[in-house]
Amino acid sequence: MAIEIAIETPLQDDVRGLVTELNETLLELTPPEHCYHLTVEQMAGQDTTVFIARDNGLAIGCGALKRHGAGIGEVKRMYTRPSHRGQRIGARIVERVEALARQEGLKRLVLETGDRHPAAWAVYERAGFSRCGPVLDYPDSEWSVFYEKSL
């Protein structure tokens, strides 16, 4: 199985479906008022680059780099379908996000994830991210876990 990861527009039907799955998964674990989803349309903005993982053409994972001021990039919309978990797809997407951030001269990557996502924490910690306090304009909440990494 050759998984390919590439920059793509999120404005594709299969990617919209993947993002819908991501949103449904997050809402099973976190109250809606503590979910900070980018819509597919927001993901298509000039400040965001979306990576899509495909298995023989099927969209099976995603992640994005959203740029903020002051040299800060944010890791957003990370998801791998359950059928493909355990294959380091999330780790490979994070590597691609980080490589692009470095290439663009960003100085720091940050992210917010849920308090019930230990698999995500493992991906970020293996990639060298450290837990930190609230980042950007996210509220300090029991439902959130924050990470950062200097580049």
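Under 19 Å of direct C-alpha separation, and excluding same-chain neighbours fewer than eight residues apart, residue 66 reaches these aspartates and glutamates: 8, 41, 47, 74, 95, 98, 104, 112, 137, 148. With viscosity 0.890 mPa s and temperature 25 °C, the Kirkwood radius over alpha carbon pairs of the chain converts through Stokes-Einstein to a diffusion coefficient of 159 µm²/s.
Summary of packing: across the peptides 90-98, 131-139, 8-16, 43-51, the per-residue average of other C-beta atoms within 10 Å ranks them, highest first, as 90-98, 43-51, 8-16, 131-139. Note on residue 27 and residue 12: the model spin-label points, each 7 Å out from Cα along the C-beta direction, lie 2.5 nm apart. For residue 29, neighbours were defined as the other residues whose beta-carbon sits under 11 Å from its Cβ, and their charges (Lys and Arg +1, Asp and Glu -1) total -2. Working ranking of peptides 53-66, 115-128 by packing, defined as the average number of other Cβ atoms within 10 Å per residue, highest first, is 53-66, 115-128.
If the elastic network links every pair of Cα atoms under 10 Å, which of 88, 77, 67 fluctuates the most in the Gaussian network model of the chain? Among 88, 77, 67, the largest GNM mean-square fluctuation belongs to 88.
We did not get these values from a lab; they are worked out from the coordinates using the rules stated. If you're wondering where the values come from, they're calculated on a predicted model, not measured in any experiment. Don't worry about glycine lacking a Cβ; one is built from the backbone with ideal geometry, like all the others, and counts go over all protein chains shown.
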